[in-house]
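The values are calculated or read from the model by the stated rules, or taken from the named source; none is laboratory data. All values reported here derive from a predicted model rather than from experimental measurement. All Cβ positions, even for glycine, are placed from backbone atoms using ideal geometry, and neighbour counts span all protein chains on display.
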Amino acid sequence: MLRLAAARWTLAVPLLALLPLILTWGTDPAPAAVVVIGLFLAGAVLSAVHHAEVVAHRVGEPFGSLVLAVAVTVIEVALIVTLMVSGGDETATLARDTVFAAVMITCNGIIGLAVLLGALRRGVATFNAEGSTTALATVATLATLCLVVPTFTTSRPGPEFSSAQLTFAAVASLALYGLFVFVQTIRHRDYFLPVGDASSEDEHAEPPSDRTALVSLGLLLVALVAVVGLAKTESKPIEDAVESAGFPHSAVGVVIALLVLLPETLAAVRAARRDRVQTSFNLGLGSAMASIGLTIPAIALASIWLDGPLILGLGSKETVLLAITIVVAALTVVPGRATVQEGGVHLVLFGAFVFLAVNP
């Protein structure tokens with residue numbers, strides 16, 4: 001049952017997590033400090049999930065999923081832009097690597113877990129095909145336009161957009177994302193509501209007060225700032241570990257994306273365990289969409305100050321993984337029902353992505 005009265009630790013941890021963030025920002029923390037930061041990072045993730053659920057219970061679906069997806073993505077975009085502005089040529093592929101990792105994590109990891117847990121609970125996971133296919137079609141279009149097309153353009157050498165092409169991609173991304181939010185929250189909101197017997201205890205619990213929801217919204221934003229900030233602080237130790245292990249530099253983006261998306265992943269898992277697979281899909285596909293639809297416009301704007309190249313186009317291996325992900329996801333969501341087999345296929349694709357990221 002969703003506990004509307006926030007536990008003491010969920011009130012304190014987001015604020016306490018800001019302390020190590022402030023003390024270690026811009027420094028190279030010692031190994032002991034890295035462990036402490038990791039503990040605060042885990043606490044911030046768990047508290048973010050709690051406060052997201054309080055807000056979601058107050059505003060209802062699909063607004064609750066949208067709040068968490070947009071909040072995480074906005075802070076993630078700020079982190080990407082900050083790193084790219086200060087990182088020089090070494091961060092030329094950071095936006096591409098992070099966005100692609102977010103798409104694979106959400107469309108394979110989150111969806112796979114949601115389907116698997118939903119099918120294990122009910123035998124067959126059920127969800128709203130109309131809303132899920134709309135979201136997937138938007139994700140596929142955005143991913144292809146922003147991550148695949150740059151590989152084949154000829155205005156610039158290499159997998160880059162020209163200034164005019166980047167502007168078009170940014171405007172198109174914002175337009176598609178804005179249109180989807182309108183469809184999801186106003187025009188066809190019922191397409192994104194959980195289906196089946198909504199008999200969970202959470203549905204019958206009294207919604208929190210406006211004051212409680214506002215406090216949770218504020219603490220959610222604080223927790224997400226702490227998650228992304230502490231993930232950035234941990235990025236240098238992660239880079240050192242990746243380098244010492246002989247993994248490619250792109251693996252750093254995968255690890256950071258996994259950390260940043262932990263709140264959404266845990267929220268999606270908890271929703272699926274309560275037989276609300278559609279909520280999990282809203283979180284997963286909505287996060288993938290927001291990651292592209294907000295990152296590309298932000299990068300287009302930041303390119304005014306970026307001196308180095310901006311590489312957005314995927315390589316052949318990543319393009320193949322993206323293509324099969326879109327095909328499998330379409331086969332999963334179109335029927336509105338899925339079994340453990342579909343969940344297993346998505347999780348194998350996610351495992352292949354992670355394995356090939358560290359062992360290309």
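Exactly one residue out of Leu285, Leu224, Leu230, Leu214 is at pLDDT below 90 and within 28 Å of Gly118 (Cα to Cα), and it is Leu224. Filtering Ala44, Ala32, Ala69 for residues that are assigned to a helix (DSSP H, G or I) and either surrounded by fewer than 19 Cβ atoms within 10 Å (Cβ to Cβ) or without any contact (Cβ under 8 Å) to a residue 24 or more places away in the chain (or both) leaves a single hit, Ala32. If the condition is being under 26 Å from Val345 (Cβ atoms) and not in a helix (DSSP H, G or I), then the range 112-164 contributes Gly123, Val124, Ala125, Thr126, Phe127, Asn128. List pairs: first in the range 174-186 and not charged (D, E, K, R), second not in a helix (DSSP H, G or I), Cβ under 7 Å, 6+ apart or cross-chain? Filtered contacts from the range 174-186: Gln184/Pro62; Thr185/Pro62. Number of residues in the range 305-360 that are among the aliphatic types (A, V, I, L, M), in contact with a Phe, Trp or Tyr (Cβ under 7 Å, 6 or more places away or on another chain) and not in a helix (DSSP H, G or I): the value is 2.
Every listed requirement among (1) buried (at least 18 other Cβ atoms within 10 Å of the Cβ); (2) under 20 Å from the mean Cα position of the chain (by Cα); (3) not hydrophobic (A, V, I, L, M, F, W, C) is met by Thr185 save one, (1).
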